[in-house]
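Chemist: One structure, pasted below without further comment.
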Amino acid sequence: MNSYSAFAYVYDQLMEDVDYENWVDYIEEIFKKYEVRPQNIAELACGTGNVTNILAKRGYNLIGVDISEDMLFLAQEKARDVGAEVIYLNHDMRELSLPSELDNILCICDGINYIVDEKDLLKVFQSVYNHLKNEGLFIFDISSYYKLSNILGNNTYAENFQEVSYIWENYFDEERSVCDFDLTIFSKEGTMYKKYEESHSQKAYRENEIVENLKSAGFNKIERFEAFTFDKPGDESERIYFICQR
Ligand SMILES: C[S@@+](CC[C@H](N)C(=O)[O-])C[C@H]1O[C@@H](n2cnc3c(N)ncnc32)[C@H](O)[C@@H]1O
């Protein structure tokens, strides 16, 4: 089964403690810090539209791109519920083809870690560069090497809700620097629970690998921050923001 198919329907429950309004406040603080006023924004790996729909409601023109039809189905439903106007596209960001030049491209909540092959990473960065206007910003975050290898890796998580339960078993492969997640989901259907299984893999990138690939793609102005701050990331930072200006 593909990643983010059955899991799509659990994703928002898993993320229910995340304050996405605050997250979008941080993105807008970045716009202010860099003195940009983007109008046309694309969000890659937009998932169920948690950030996308909020940005659209705040007046930006949004394109949301994701590889998972199930995540996009939920994003569209949520957009309808809140009256957010977003163009959602079912694309693989490794083969990005967007209709116009953009002021800003986002990839929020570790979408970049799903690009497991470094050659594909360079392709994504080159394509982002080509889709951005001059001075446009590419803003993304990653789960750090530290987080994938020391916190998530070789750990098991489980949660038991009324309608759905999941077990999330993680294995970190030092040689490939990849964390493989095996997910088992039990979802209530009528009076029974149906079992679904799917696997995800995330690459644990070192910061300098990311920077080298960004430079090869053409970005020269690159800054890194500990997530939700404008401080330098530390050895134990779990989420790191990269802000790259074309
Ligand atoms: C952790 S979720 C993040 C979702 C959303 N950005 C959020 O903040 O809630 C990662 C998303 O990346 C998407 N994804 C993974 N690989 C992708 C690819 N190659 N192209 C586009 N989307 C991808 C998945 O389908 C999933 O929706």
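Chemist: Select from segment 111-124 the residues that are touching a Phe, Trp or Tyr at 6+ places or on another chain (Cβ under 9 Å) and either more than 10 Å from the ligand (Cβ to nearest atom) or open to solvent by 20 Å² or more (accessible area, probe 1.4 Å) (or both) and list them in ascending order.
Modeler: E118, L121
Chemist: Also, I was wondering about something else. Just to be sure, is V24 within 12 Å of the ligand (Cβ to nearest atom) and among the hydrophobic types (A, V, I, L, M, F, W, C)?
Modeler: yes
Chemist: Look at segment 69-98 and say how many of its residues are out of contact with any helix residue (DSSP H, G or I) (no Cβ under 6 Å at 6 or more places or on another chain) and of a type in the set (S, T, Y).
Modeler: 1
Chemist: Residue pairs, Cβ under 6 Å, 6 or more apart or interchain, first in segment 197-221 and closer than 10 Å to F125 by Cβ and touching a residue at least 12 places away in the same chain (Cβ under 8 Å), second open to solvent by less than 10 Å² (accessible area, probe 1.4 Å) and not basic (K, R). List them.
Modeler: What qualifies is N213/L121; N213/F125; L214/F125; L214/C244; A217/F125; F219/C244.
Chemist: Considering only segment 150-202, state which residues are open to solvent by less than 30 Å² (accessible area, probe 1.4 Å) and under 29 Å from G234 (Cβ atoms).
Modeler: If the condition is that a residue be open to solvent by less than 30 Å² (accessible area, probe 1.4 Å) and under 29 Å from G234 (Cβ atoms), then L152, G153, N170, F172, S177, V178, C179, F181, H200, Q202 are the ones that fit.
Chemist: For segment 26-44, enumerate the residues that are among the acidic types (D, E), under 21 Å from the mean Cα position of the chain (by Cα) and open to solvent by 50 Å² or more (accessible area, probe 1.4 Å).
Modeler: The one that is among the acidic types (D, E), under 21 Å from the mean Cα position of the chain (by Cα) and open to solvent by 50 Å² or more (accessible area, probe 1.4 Å): E29.
Chemist: Moving to a separate point now. Are there any pairs with C-beta distances below 6 angstrom linking a residue in segment 109-122 that is outside any helix (DSSP H, G or I) to a residue that is among the aliphatic types (A, V, I, L, M) and surrounded by fewer than 16 Cβ atoms within 10 Å (Cβ to Cβ), with the two at least 6 apart or on different chains, and if so which?
Modeler: none
Chemist: What is the one condition in (1) away from the ligand (no atom under 14 Å from the Cβ); (2) modelled with pLDDT of 95 or more; (3) not in a helix (DSSP H, G or I) that P99 does not satisfy?
Modeler: It is condition (2) that P99 fails.
Chemist: Still on this structure, I have one more. Anything in segment 43-59 that is assigned to a helix (DSSP H, G or I) and in contact with a strand residue (DSSP E or B) (Cβ under 9 Å, 6 or more places away or on another chain)? List them, or say none.
Modeler: The answer is V51, T52, N53, L55, A56.
Chemist: Write out, first by first residue and then by second, each pair whose Cβ atoms fall under 6 Å of each other, whose residues are 6+ apart or on separate chains, and whose first residue, in segment 1-23, is modelled with pLDDT under 85 while the second is β-branched (V, I, T) and open to solvent by less than 30 Å² (accessible area, probe 1.4 Å).
Modeler: Note: pairs meeting the criteria are A6/I185; V10/V164; V10/I185.
The values are calculated or read from the model by the stated rules, or taken from the named source; none is laboratory data. This structure is a prediction, so every number in the text was calculated from the model and none was measured. Heads up, the Cβs are rebuilt from the backbone with ideal geometry, glycines too, and the neighbour counts pull from every protein chain shown. The protein model used for the area step is the full one, side chains on, heavy atoms only, and it has no ligands, DNA or RNA in it. Shrake-Rupley method; radii C 1.70, N 1.55, O 1.52, S 1.80 Å.
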